[in-house]
Structures are given as structure tokens and as C-alpha cells.
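Colleague: Quick one: the structure is below, questions incoming.
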Amino acid sequence: MKFLRLFTKGFFLTVNILVVVFFLLACLVPFISPVRFWPISFLTLGFPFLLAILGLFLIFWLIFHPKYALIPLVAILLGWKSVSSFVAIRWPQNWDTADRPDGSFNVMSFNVALFGLYSTKNSKPVRDSIFRLIARYEPDVLCLQDFYTSEKKNDFNNREDISRELDMPHRFFSSDFNRNGTQHWGSIIFSKFPIIGSDKVKLSSGPLGESLIFADIVKGNDTIRIINMHLESFRFNKEDYQSINKVKAQKDTGLVATRGILYKMRDAYVRRSRQAVIVADFIRTSPHPVVVCGDFNDTPASYTYYTIRGNLQDAFLQKGSGVGRTFSGISPTLRIDYIFADPTFTVHGFRTIPTDLSDHYPVITNLRFGEDE
């Protein structure tokens, strides 16, 4: 019996130490560019699970062997920078977006997945529902990724329709891809405030390369630079998702398919890291305070997140709670859509809006330039 207890304790101790090692390696990811060593980037997807396991070990040791509780506790403290970026430790607040302090404005970011253009035979109901959702939350500045618009007859001119129906006359569109000059894909910024300057910066070369776009808006006496982007995705297709589901369900080892998925993920991590450096340099040289929106396709434990965020405020961490999931696929812990704000802004509220209209959830925040009086 004594041998069994010693064996059990030794087993759990060994597992705990292994989890600590992988957890601390995951905490190093923000400081190691995937260009230099890409394999470590995969640990970002496992970070929340490693953290949860450490939490369970902490409770387990406190109950049965309190002195060993120092192992997970010290690991969590050493990785606190990553922990505090992943989890907003705050009681949930149901902020009403209509609650706007004087001088503040609402900013929404949303990957609209092309308004259901390719995911459904009739995309009009999806498009109309997205329009209604956006109108309900009344953003003053709207940043959309995976945006589609067209000037073809019997197609949807979403660019003009949003400006008209949502009373956002000012806009800037990247039009990264177009077909025959009439159908366009890219990212867009809509604003109720005047835009006095705008442009785009190519984030990567090639036919699938997207752009960072910015618009300098004037609100009262202040000029604010709004930045919007859609960073490199894993580019998983339908077959890739089916393979992932099979592996998760343990129906198939999927060795060949899994290898292809890993290659796609590796390439995406490397490309995003290069894009993140471009974005960070652009933010650093901005003549105006910035608000950064976008689908980063990377978690808060990633090199991409830390490189772009720099000294900016993450609106979710300021006023959100929990892990703030924004992507409905693959894992329930993926927060990959962000709104960052210059430290000169005060963040009054933040909200993630669950919806089945896209595989991404829109996020919205209320900002006020300067400190509260």
C-alpha cells in the first residue's frame, strides 16, 4: 500500500513537472519569432489547457501534499505576463453599448466572413442579419474584415449600403482582390466622423496578400488613427476541418492529412510574425493616437499578439472577463479578434457578441480620448 502511494505521488509529480516545462516554454513564445524557431509557436494553442491543468494540480497538491503546491504556483507566477494577457480576471459585466460617457465613441471590429457569400446558397438573409446586428449596437467606427462588395447587377453593393443604411458616410476600403473591377474583397473602415487621410500598406506579397489599412478621423478637436487588418490565416479548407474533427473524435490518425495541416500552420505562423513586425513599425511611427482593430488569427499567447500590442491597451483586458472567445471553430478558447487603444484613451466598456452569422464574433468597445475628469 505504501509502495502504491509512493508510485501514485511520483507519477503525478512527474506529470506536473512535464506540464510545467511545456507551460513555461509556451510563455516564451511571445519573445521568439517563428522565423527563428517556428515549432514553439504551436504551444500557443495549448496554453489555456496547460494553464488549466496547472490550476488543477495546484488544488490537488494543496489537498493531498501542500508542499508540492509550490511547483504549479511558481510556474504560474513565472508565466504571469502570459496568463494576464490570456485571462481577464474580472467579474462579468453586461455593458450596454448605449451607455456612452460624454465625449466617448464606440468602435466595433468584425470579420463578416464575406457575408456568407460562399457558405450558403442564398447569402441575403445572412447579410441582412449582419446589417441588423451592427445597427443594433450603433458603432461610431466600424472595422470589417473578410469584406465583400460588388457593383455587378443583382449583386450586393455592401460598401454603399452600409454607408447609407447605417449612416456611416465616411469610409476607406482596401480592395485587396477584385474580379473584373466590379467584385471586391478586403478590409474596410466605416466612420461617422470625417476622414482626413487614409491609405493601405501591403502586408505580404503574392496574389493572396492582404493589407493594413488606416483612416485618420477627426472627432471634435482630436485626430485619431484607426487601423484595421486581417492577418494571415491557416487557410484551412473543408477537408482540413474534416480531418481535424476525425482526429479529435479519434476516428482516424489522419497522418497524411495531419502533416498537411501542420505545414499550413507552420507557414502561417511565420508569415504572421513578419506581418506583425510591419504592423508594429507602422503603429510606432503614427503621428496620431491609434485604435487598432483586426482579426489577427493568433492568440494572446503568441508572438503576433505581443509584437502588435506593444504598450497599447487591450480593450478586452481592460473591461472584459474570462478568456473572451471570438472564434467559434476548432477550440472554445480562441480569442483572435482584438481592439487595442493608445494609452491616452480611457476604455469604458467592452463586449464580445456571440453570433452564428460568421465564424467570428464581433467585438465592440467604448473609448474616450484622455483621462476621465
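Colleague: So for each of 55-64, 311-320 I average, over its residues, the number of other beta carbons within 10 Å; can you give me the resulting order with the highest mean first?
Modeller: Top to bottom by mean Cβ count within 10 Å: 311-320, 55-64.
Colleague: For Cα pairs less than 8 Å apart in space and 6+ apart in sequence, what is the mean separation divided by the residue count of segment 95-140, i.e. the relative contact order in percent?
Modeller: 51 percent
Colleague: Two decimals is fine: what is log10 I(q)/I(0) at q = 0.23 Å⁻¹ for segment 13-109, from a Debye sum with one equal scatterer on every Cα and no solvent?
Modeller: -1.14
Colleague: Give Lys9/Lys67; Lys124/Lys152; Lys9/Lys81; Lys124/Lys202 a once-over and call out the pairs whose C-alpha atoms are over 20 Å from each other.
Modeller: The pairs that break the limit, which is 20 Å between Cα atoms, are Lys9/Lys81; Lys124/Lys202.
Colleague: Over the chain, what is the mean sequence separation of C-alpha contacts under 8 Å (at least six apart), divided by residue count, expressed as relative contact order in percent?
Modeller: With pairs under 8 Å counted, the relative contact order is 19 percent.
Colleague: For segment 274-373, what class follows from the C-alpha gyration tensor (a ≥ b ≥ c being the square roots of its eigenvalues): rounded when a/c is under 1.5, otherwise prolate if a/b is larger than b/c, else oblate?
Modeller: Oblate, since a/c reaches 1.5 and b/c is not below a/b.
Colleague: State the extension gain, in nm to one decimal, for the chain segment bounded by Glu160 and Arg179, taking 0.36 nm per residue of separation less the distance between their alpha-carbons.
Modeller: Here the answer is 5.0 nm.
Colleague: Can you pull the percent of Cα pairs in the chain with separation above 31 Å?
Modeller: Beyond 31 Å sits 39 percent of the P(r) for the chain.
Colleague: Of all DSSP beta bridges in the chain, what percent run antiparallel (nearest 5)?
Modeller: 80 percent
Colleague: Quick one: dipole size for segment 1-146, taken about the Cα centre, charges +1 on Lys/Arg Cβ and -1 on Asp/Glu Cβ, in debye to the nearest 20.
Modeller: Taking the Cα centre of segment 1-146 as origin, the dipole is about 760 debye.
Colleague: Taking the chain as a whole, which cysteines find no other cysteine Cβ under 4.7 angstrom from their Cβ?
Modeller: Cys27
Colleague: From the helices alone, meaning DSSP H stretches of at least four residues, give me the mean residue ellipticity at 222 nm for the chain, per-run term -39500 (n - 2.57), in deg cm²/dmol to the nearest 500.
Modeller: That comes out to -12000 deg cm²/dmol.
Colleague: Counting only C-alpha contacts under 8 Å and six or more residues apart, can you give the relative contact order of segment 76-234 as a whole percent?
Modeller: Over segment 76-234, the number comes to 16 percent.
Colleague: Give me the distance between the Cα centres of segment 286-309 and segment 97-165, rounded to whole Å.
Modeller: Here the answer is 22 Å between Cα centres.
Colleague: How high is the FRET efficiency between Leu73 and Arg36 when r is their beta carbon distance and R₀ equals 41 Å, given to the nearest 0.05?
Modeller: Efficiency at R0 = 41 Å is approximately 0.85.
Colleague: With point charges of +1 on the Cβ of Lys and Arg and -1 on the Cβ of Asp and Glu, referenced to the Cα centre of the chain, which listed residue (Val35, Thr182, Pro92) lies farthest in the positive direction of the dipole?
Modeller: Going by the charge dipole, the pick is Val35.
Colleague: Would you work out which of His65, Tyr269, Ser302 lies farthest towards the positive end of the dipole of the chain? Charges go on Cβ: Lys and Arg +1, Asp and Glu -1.
Modeller: Checked the options; the winner is His65.
Colleague: Moving to a separate point now. Which value in nm describes the separation of the simple spin-label points at Ser328 and Ile196, placed 7 Å from the Cα toward the beta carbon?
Modeller: Placing both labels 7 Å along Cα→Cβ, they lie 4.1 nm apart.
Colleague: Taking amide hydrogens as modeled 1.01 Å from N in the peptide plane, which residues meet the under 5 Å criterion relative to Asn111, leaving out close sequence neighbours?
Modeller: Result for Asn111 returns Gln145.
Colleague: Report, in debye and to the nearest 20, how large the dipole of the chain comes out about its Cα centre when Lys and Arg carry +1 and Asp and Glu carry -1 on their Cβ.
Modeller: 1560 debye
Colleague: So what are the ³J(HN,Hα) numbers for segment 174-181, from phi and the Karplus equation (6.51, -1.76, 1.60; θ = phi - 60°), rounded to whole Hz, Gly and Pro as x?
Modeller: 7, 6, 5, 10, 8, 10, 6, x
Every number in this text was worked out from the coordinates using simple rules, so none of it is lab data. Treat the numbers as computed from the prediction; the structure is a model and nothing was measured. Note that each Cβ is placed from the backbone with ideal geometry, even for glycine, and that neighbours are counted across all protein chains shown.
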